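Q: Okay, here's the structure, questions in a sec.
The values are calculated or read from the model by the stated rules, or taken from the named source; none is laboratory data. Quick caveat: nothing in here was measured; it's all calculated off a predicted structure. Cβ coordinates were reconstructed from backbone atoms using ideal geometry, including for glycine residues, and neighbour counts include every protein chain displayed. All accessible areas refer to the heavy atoms of the entire protein, side chains included, with ligands and DNA or RNA removed. Shrake-Rupley method; radii C 1.70, N 1.55, O 1.52, S 1.80 Å.
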Amino acid sequence: DNHLTDLDFLDRADLRMRIFNPDGSEAEMCGNGIRCVAKYVYDHGIARKPTLRIETGRGILSLDVELNGSTVHRVRVDMGEPILEAARIPTTLPGNPPTNAALVLDGCEYSVTCVSMGNPHCVQYVDDVDRAGVTTVGPLIETDPHFPQRTNVEFVHVLSRGELRMRVWERGSGETWACGTGAAAVAVASALTGRTDRRLLAHLRGGDLELDWAADGHVYVTGPAVEVFSGEWTEE
């Protein structure tokens with residue numbers, strides 16, 4: 001956070017995170033990004049706690065770190081409760097939440113389910129994610145007028161009651177290899193529509209995530225965090 005003189009958040013959380021998309025827009029939350037932040041601050045001694053509290057645009061989230069020796073190997077994120085009221089997702093599609101709702105684009109009708117994990121998601125189920133229109137249909141759904149703040153778009157192939165494959169078109173970023181909030185939204189949408197159980201394994205292009213829409217109503221996402229390179233940021 002570049003507001004370095006504003007340290008009031010330290011009364012509420014261990015640190016604060018902000019996320020900016022490649023198009024310059026600010027996202028409320030990033031489930032994969034927050035796992036990377038947790039690894040960074042733990043491994044570098046900034047906040048070395050087994051449970052970290054990080055303030056985001058979604059609110060304060062709790063993260064449990066799993067160690068491999070003295071460094072973080074995996075992180076379990078409490079993503080909070082999903083937002084199911086259409087007006088708060090937000091979307092103008094009918095239903096709270098819109099479930100298997102009809103969305104017409106360029107004369108084609110798509111069945112979608114919408115939820116929010118602090119940011120909007122629109123989930124579509126397909127027979128083959130490799131052939132899904134992620135880069136063609138994805139941007140059309142993202143900017144459709146039914147989503148006043150635009151939306152993230154997930155394409156999902158259910159393999160069993162406890163396993164699925166998915167690809168994501170992220171709002172403001174295009175297709176990405178993984179999306180933590182998207183995976184959490186898919187867990188909720190899949191359970192709501194009766195396609196899966198509430199605990200499942202999601203295969204994304206960037207790796208696997210364990211998902212659990214638990215009895216307390218919160219969605220928990222567990223996945224790896226790996227440092228792949230380091231560098232120095234200069235002011236020039």
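Q: So in region 171-194, with the set limited to residues that are β-branched (Val, Ile, Thr) and over 8 Å from the mean Cα position of the chain (by Cα), which one is nearest to GLY206 (Cα to Cα)?
A: Among those residues, the one meeting the criterion is THR176.
Q: Checking the conditions here, which among VAL112, VAL158, VAL137 is in contact with a Cys (Cβ under 7 Å, 6 or more places away or on another chain) and hydrophobic (A, V, I, L, M, F, W, C)? First the steps, then the outcome.
A: Details: VAL158 fails: in contact with a Cys (Cβ under 7 Å, 6 or more places away or on another chain); VAL137 fails: in contact with a Cys (Cβ under 7 Å, 6 or more places away or on another chain).
Going through VAL112, VAL158, VAL137 in turn, just one is in contact with a Cys (Cβ under 7 Å, 6 or more places away or on another chain) and hydrophobic (A, V, I, L, M, F, W, C): VAL112.
Q: Starting from region 91-107, take each residue that is open to solvent by 20 Å² or more (accessible area, probe 1.4 Å) and list its partners that are hydroxyl-bearing (Ser, Thr, Tyr), counting only C-beta distances under 8 angstrom and pairs at least six apart or across chains.
A: THR99/THR113; THR99/THR193; ASN100/SER111; ASN100/THR113; ASN100/THR193; ALA102/TYR110; ALA102/SER111; VAL104/TYR110
Q: Can you pull out the residues in region 125-157 that are without any contact (Cβ under 8 Å) to a residue 40 or more places away in the chain, open to solvent by 40 Å² or more (accessible area, probe 1.4 Å) and not acidic (Asp, Glu)? If you could, list the steps in order and put the result at the bottom.
A: So in region 125-157, the residues without any contact (Cβ under 8 Å) to a residue 40 or more places away in the chain come out as 126-133, 136-143, 150, 152-157.
Imposing the further condition that a residue be open to solvent by 40 Å² or more (accessible area, probe 1.4 Å) reduces the set to 127-128, 130-131, 136, 140, 143, 150, 157.
If the condition is that a residue be without any contact (Cβ under 8 Å) to a residue 40 or more places away in the chain, open to solvent by 40 Å² or more (accessible area, probe 1.4 Å) and not acidic (Asp, Glu), then ARG131, THR136, LEU140, THR143, ARG150, HIS157 are the ones that fit.
Q: So ALA187 clears everything in (1) open to solvent by less than 40 Å² (accessible area, probe 1.4 Å); (2) of a type in the set (A, V, I, L, M, F, W, C); (3) farther than 25 Å from ILE60 by Cα; (4) without any contact (Cβ under 8 Å) to a residue 40 or more places away in the chain except one condition, right? Which one?
A: Among (1) open to solvent by less than 40 Å² (accessible area, probe 1.4 Å); (2) of a type in the set (A, V, I, L, M, F, W, C); (3) farther than 25 Å from ILE60 by Cα; (4) without any contact (Cβ under 8 Å) to a residue 40 or more places away in the chain, the lone unmet condition for ALA187 is (3).
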